[in-house]
Every structure is written in structure tokens, then in C-alpha cells.
1. Kindly indicate whether any position in the stretch 257-269 is touching a residue at least 40 places away in the same chain (Cβ under 8 Å), assigned to a helix (DSSP H, G or I) and in the same structural domain as residue 219 (by TED's automatic domain parsing).
2. I need the helices (runs of 4 or more DSSP H) fully contained in the stretch 1-108, keeping only those with at least 2 residues that are within 42 Å of the chain's Cα centre (by Cα).
3. When you go through 303, 311 one by one, which is the residue that is crowded, with 18+ Cβ neighbours inside 10 Å, in a helix (DSSP H, G or I) and either modelled with pLDDT of 95 or more or outside the structural domain of residue 253 (by TED's automatic domain parsing) (or both)?
4. Quick check, is residue 370 touching a strand residue (DSSP E or B) at 6+ places or on another chain (Cβ under 7 Å), farther than 30 Å from residue 70 by Cα and either surrounded by 18 or more Cβ atoms within 10 Å (Cβ to Cβ) or assigned by TED's automatic domain parsing to the domain that holds residue 258 (or both)?
5. Can we say residue 52 is more than 25 Å from residue 75 (Cα to Cα) and touching a residue at least 40 places away in the same chain (Cβ under 8 Å)?
6. Go through the stretch 309-319 and give me each residue that's within 22 Å of residue 285 (Cβ to Cβ) and out of contact with any strand residue (DSSP E or B) (no Cβ under 7 Å at 6 or more places or on another chain).
7. Please specify each residue of the stretch 84-116 satisfying the condition of being in contact (Cβ under 8 Å) with a residue 60 or more places away in the chain and farther than 25 Å from residue 261 by Cα.
8. Scan the helices (runs of 4 or more DSSP H) fully inside the stretch 118-235 and keep the ones with 3 or more residues being surrounded by fewer than 17 Cβ atoms within 10 Å (Cβ to Cβ).
């Protein structure tokens with residue numbers, strides 16, 4: 001009877017006094033062991049209520065190992081290093097751009113002690129944290145002035161609230177997108193207390209549409225990167241140079257949100273065709289916003305470029321303090337931007353650009369070397385086939401990069417089951433599953449992760 005099973009459940013104090021309890025409390029804190037024991041007892045109680053007819057052996061070595069495994073899992077940090085074998089280079093769920101060694105070293109130097117974050121070393125007076133990055137951004141992009149905040153969404157809200165609060169922002173209907181994580185352009189405009197004026201149609205918006213919508217209340221012409229949404233075929237988009245000219249003729253501000261923030265050309269043959277920040281500056285955009293942790297390859301940050309008087313106005317916005325960048329991200333961003341200056345080659349120094357630009361034959365060679373190691377594992381079979389990697393990052397729609405992947409099977413295990421087991425290894429390995437095959441794309445596997453990747457498959461094979 002269920003009542004009898006409930007009565008047979010061990011009391012926590014007696015369980016702690018058993019050989020299992022003594023062994024576990026010698027390795028872990030007593031409170032940690034008690035919490036896990038209670039969780040297990042609650043699960044068993046629920047099982048009894050749902051028809052469980054036999055209790056586990058709570059004092060067996062096997063059950064002690066199960067509790068120990070749960071204790072170790074709880075002690076592991078929630079935020080962990082993982083191995084990205086998906087082939088998605090700028091993977092938002094996996095932290096977007098991995099940082100260059102120089103950026104990591106810069107963060108460590110600043111984190112170890114104090115810094116002149118807001119101190120002018122010449123005068124000894126209070127300085128600005130933005131001075132550390134402004135001249136670099138202007139030198140690389142050709143912009144008059146620059147500002148950096150904690151993410152790109154913040155940069156858009158900050159700029160719109162500065163220049164269009166209580167007034168009109170004109171935007172194409174084809175750019176009223178949701179970028180991700182509930183970041184919807186109409187809601188962002190509303191939060192900035194500006195009034196949105198939609199022009200054109202979803203697939204076609206011409207310069208005449210913008211011109212016809214202008215009124216005495218208009219302050220900003222806004223152009224937004226459509227993120228992972230793209231219209232092909234019967235479509236038309238207004239050129240940024242035309243918008244800049246229209247804004248200038250009517251004493252308005254032309255603001256462009258570029259999304260990914262490409263500062264360097266991608267090699268030919270790769271379907272990533274993001275407009276360079278430098279081109280938007282040259283085209284005459286008054287305000288530009290973009291992310292620091294996508295194609296730029298730096299830490300999470302939102303970069304704002306523009307005319308000096310406009311950037312100065314944004315600096316006076318009270319919201320800037322709420323959105324300001326922290327010292328570690330600032331250190332990493334400065335170090336990353338320096339990699340864009342000669343004699344550095346960002347295509348070799350910045351991990352994201354290095355992955356995008358890696359030749360297909362190089363990835364194929366690494367795939368075959370990896371497969372030779374994996375084939376030594378009993379029960380594992382695999383082949384190397386041609387496929388595509390992806391730019392990712394939300395702002396790179398339909399960006400496919402020719403690559404070579406490993407299609408892997410393991411005896412007695414489905415592709416989905418194998419993918420789940422790989423997520424449970426240390427470090428976790430994240431892969432793709434396609435048509436009942438497990439896919440490993442070496443393009444996004446860092447060289448220092450190869451041994452851990454092989455070890456993960458060995459662990460699963462037993």
C-alpha cells in the first residue's frame with residue numbers, strides 16, 4: 001500500500017547518520033547534503049503518489065553516487081565555458097563573439113586593481129570613461145565623435161530620447177522588426193517617448209515616401225537593420241545617402257542602426273554583405289548605432305557615432321548613466337579596436353573574423369584530423385561532408401559560409417540523445433542535429449577545445 005511506502009522513507013537525521021550520509025558530509029557541507037536528500041525524498045513521494053510500488057535502496061553505493069552527482073552539479077557555476085561545434089559563429093545563446101587574447105589580457109589587467117577609469121592623469125581631475133575609446137572609434141570609422149554604452153538597444157533608446165522625445169520619428173514599415181528578446185522597434189520608439197510615423201510598404205519604401213511624411217513635428221529619419229528578417233524579390237529599400245540628403249535639406253537628423261557593426265571587409269565568396277560602418281559615415285549619417293559583440297568581435301556594448309554636437313547632446317541625457325559601459329567591457333573594447341589599427345590584421349587577430357575568413361580547405365583539413373581521433377572511439381562512426389556554417393548574431397540573415405562538417409553516429413544512441421549527453425559533459429559541447437545525424441562543424445571549434453571535444457565523446461562511449 002502507498003501508505004506503507006511513505007512510512008518506510010528514511011528520516012533525514014537517520015539518513016545523515018548512515019554510511020552514505022557520513023561519507024557525503026565529509027565531502028560536502030551538511031546543509032548541501034540535507035537539501036539534496038530532501039529533493040530526492042520529495043521526488044520519491046511524488047512517485048509513490050503516481051503509482052510507484054518499490055522504494056530505491058537509499059543506502060546503496062549506487063544511490064550514494066547519484067546524490068553525489070547531484071551535489072557536484074549544484075556546486076558547478078551556472079555560467080560555464082562551452083565548446084561551440086554548431087558552426088554558428090556569432091551565436092547569441094552562446095555569448096556571441098569570443099574575445100581576442102589581447103582583449104582578455106586587458107580585462108585581467110584592469111580587474112586586478114584600480115584604474116584611471118574616470119581620472120585625467122595629466123590634470124589630476126575627474127575625467128570621462130568615454131575618452132578611452134572615442135579617439136579610437138573616430139580614427140577607425142572617420143566619424144567626428146563617438147560614445148559607447150552597455151548594449152546596442154540602449155544606444156537606440158538613448159539617441160531617440162535625446163533628439164525625438166515628444167516629436168516624430170519617420171521609419172519604413174519594412175523595418176518595424178523584432179530583433180530578438182522582445183526588442184521591437186515600435187516599442188523602443190514608444191519607450192523613448194517619440195511618436196512613430198510609418199511610411200512605405202513592407203516590401204517597398206522610396207525616398208518620396210519619407211519626404212511626403214515630413215511635418216513640423218518631424219525630428220529624426222530612422223533606418224534600422226532588419227536583423228534576421230529579409231525581403232527578397234519584389235522589394236526596394238531607400239539608400240542611406242538619399243536619406244542623409246533628405247535629412248540635411250530639412251534640418252533633420254538621419255539616424256541609422258547598423259546592427260552588426262562591421263569595421264572590416266569580409267573576404268569575397270562569403271555571403272556576409274554587411275554595410276561597413278565607414279561607408280555609413282561617408283554617406284552622411286548623423287547618428288550611427290551598432291553592437292560591439294557581433295562582427296566587431298568585442299564585448300557586449302553599444303556604439304554611437306555621429307556629429308560632435310549631437311554626441312555632446314547625448315552625453316547630457318540623464319539616461320546615459322543608467323546605460324553606461326563598465327570598466328571591464330571598456331577595457332576589452334579598447335583592446336579589440338586596437339586590433340583594427342595597422343600593422344594588425346583584424347582578419348587574423350579577431351576570432352570572429354578569423355572564423356568567417358578561414359578557407360574551406362583549412363576547415364576540411366581540421367575536420368578530417370578530428371574524425372581520425374574520433375574513429376578510435378568504440379561504436380562511433382562518422383564522415384566528412386560539405387555543408388555551410390552561419391554568420392549568426394541576429395543581424396546576418398541568410399549568411400552561409402561553405403564549410404566541411406562531421407556527420408557522426410554512435411551505436412545504440414539517437415542523434416538527439418547524443419546531443420543531450422554532450423551538453424552534460426564538462427565542458428558542455430553544443431552541436432547541431434540534422435536528419436538523424438549529429439553535426440560537428442570545426443569552423444567554430446577553437447583549437448584549444450579539440451582535446452576536450454574528443455574527451456567528451458570518449459566519456460559518453462564509456
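The values are calculated or read from the model by the stated rules, or taken from the named source; none is laboratory data. What you are looking at is a predicted structure, and each value in this text was computed from that prediction instead of being measured. Virtual Cβ from ideal backbone geometry, glycine too; neighbours counted across all protein chains shown.
1. Checked against the condition, which is being touching a residue at least 40 places away in the same chain (Cβ under 8 Å), assigned to a helix (DSSP H, G or I) and in the same structural domain as residue 219 (by TED's automatic domain parsing), the stretch 257-269 yields no hits at all.
2. Numbers: elements: 2-8, 12-17, 19-27, 30-49, 61-75.
Output list reads 19-27, 30-49, 61-75.
3. Details: 303 fails: in a helix (DSSP H, G or I).
Being crowded, with 18+ Cβ neighbours inside 10 Å, in a helix (DSSP H, G or I) and either modelled with pLDDT of 95 or more or outside the structural domain of residue 253 (by TED's automatic domain parsing) (or both) holds for just one of 303, 311, which is 311.
4. Values: touching a strand residue (DSSP E or B) at 6+ places or on another chain (Cβ under 7 Å): yes; farther than 30 Å from residue 70 by Cα: yes; either surrounded by 18 or more Cβ atoms within 10 Å (Cβ to Cβ) or assigned by TED's automatic domain parsing to the domain that holds residue 258 (or both): yes.
Answer is yes for this residue.
5. Numbers: more than 25 Å from residue 75 (Cα to Cα): yes; touching a residue at least 40 places away in the same chain (Cβ under 8 Å): yes.
Considered against the rule, which asks whether it is more than 25 Å from residue 75 (Cα to Cα) and touching a residue at least 40 places away in the same chain (Cβ under 8 Å), residue 52 comes out as yes.
6. Filtering the stretch 309-319 down to residues within 22 Å of residue 285 (Cβ to Cβ) leaves 309-317, 319.
Once the filter is applied, which keeps residues that are within 22 Å of residue 285 (Cβ to Cβ) and out of contact with any strand residue (DSSP E or B) (no Cβ under 7 Å at 6 or more places or on another chain), the stretch 309-319 yields 309, 312, 313, 316, 317, 319.
7. 109, 110, 111, 115
8. Values: elements: 131-141, 152-163, 185-191, 207-213.
Where helices (runs of 4 or more DSSP H) fall fully within the stretch 118-235 and carry at least 3 residues being surrounded by fewer than 17 Cβ atoms within 10 Å (Cβ to Cβ), they are 131-141, 185-191, 207-213.
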